[in-house]
1. Can you tally the net charge around GLY103? Count Lys and Arg as +1, Asp and Glu as -1, for every other residue whose Cβ sits under 9 Å from the Cβ of GLY103.
2. Given springs between every Cα pair under 10 Å in a Gaussian network model of the chain, which of TYR46, TYR141, TYR133 has the largest fluctuation?
3. Quote the FRET efficiency, to the nearest 0.05, computed for ILE232 versus ARG109 with a Förster distance R0 of 25 Å and r equal to the Cβ-Cβ distance.
4. Just to confirm a number: summing +1 for Lys and Arg and -1 for Asp and Glu over residues other than VAL202 whose beta-carbon lies under 11 angstrom from that of VAL202, what do you get?
5. Any chance you could run the full-extension gain for GLU66 through ARG47? It's 0.36 nm times the residue separation minus the Cα-Cα distance, nm to one decimal.
6. Cut-off is 10 Å between beta-carbons; in what order do VAL217, VAL32 appear when sorted fewest neighbours first?
7. Just to verify a number: FRET efficiency for THR37 and ALA204, C-beta to C-beta distance, R0 = 22 Å, to 0.05?
8. Over the chain, what is the relative contact order in whole percent, taking alpha-carbon pairs under 8 Å and six or more residues apart?
Amino acid sequence: METERLVAIFGGNRGLGRAIADHHRAAGDRVVTTWRTEPGGVGPEYRCDVADPDAVDATFEAIEAEHGPVDAVVVNAGFAHRNLAIRASPASFREVVDTNLNGSFFVARRAAQSMVRRRRGAIVFISSVSSLYGTPGVSSYDASKAGQIGLARALARELGSRNIRVNVVAPGLLDNWSDVTPAGPGWVAATPLKRAGTLDEVAAVVHFLTTDRASFVTGAVVPVDGGFAMGIG
Ligand SMILES: NC(=O)c1ccc[n+]([C@@H]2O[C@H](COP(=O)([O-])OP(=O)(O)OC[C@H]3O[C@@H](n4cnc5c(N)ncnc54)[C@H](OP(=O)(O)O)[C@@H]3O)[C@@H](O)[C@H]2O)c1
């Protein structure tokens, strides 16, 4: 029985990250979260832009000093710029990759440095099935989210012998984005379960992957997408 684990959710102030944090808290974990623009107002919170590797390192130093070693890390921070690739500026492409992919590397790298010493740990990246399918208008997002998968698979092989698991959760369309995503109605129609998912449906799978119940699961890409992208990737 795992008790008193410390779980850090990067991008845990709102949306899916908040749901993931709530789910872990409800399961009895100690949870710390990070925010970039506005704190969420629950539990210990740290300001951290994941695109800044120095900020990521400083955040880990503060978390470890104040709460002890981190058992599990979820990298949820992410966003999309919507524009066709031929109209996208190099700066906008870089901005998305800096947060979604480079940020995942900065967080996982620093987390693993401590986990290696303890010979245990779990890391989960929140990707998207959009990266497996390919969605017009979000090339930088899809590239960054596909990059998380390659990163996770490499890390899973590098860190497996130290009992550190690295997995990816790839949500489909969720109900907090179904109204704002231009592709929303089309995605629902193409989803076998014929609806958007809830934040809690994703949070439950993320929670499973951070716990020892998933002790033989690493390098996995777990779609939570109502069947939208089955067989792809
Ligand atoms: N909702 C969906 O349908 C869906 C589907 C597939 C995948 N996803 C993925 O799920 C994750 C969460 O999505 P969501 O729906 O909850 O989106 P959201 O409501 O827009 O929340 C985005 C989160 O990412 C954080 N964030 C963004 N850039 C950051 C940065 N540079 N440094 C630190 N934090 C940063 C935000 O923090 P601030 O509030 O402080 O900016 C916020 O916590 C994302 O990675 C997204 O790609 C979502």
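1. -3
2. Per the Cα network of the chain with a 10 Å cutoff, TYR133 tops the list.
3. 0.30
4. -4
5. Gain in length upon complete extension: 5.4 nm.
6. Exposure proxy ranking, most exposed first: VAL217, VAL32.
7. 0.25
8. Here the relative contact order equals 20 percent.
Values quoted throughout were computed directly from the atomic coordinates according to the rules given, and no laboratory measurement underlies them. Since the model is a prediction, treat every value here as computed from it, not as a measurement. We place every Cβ from the backbone using ideal geometry, glycine too, and count neighbours over all the protein chains shown.
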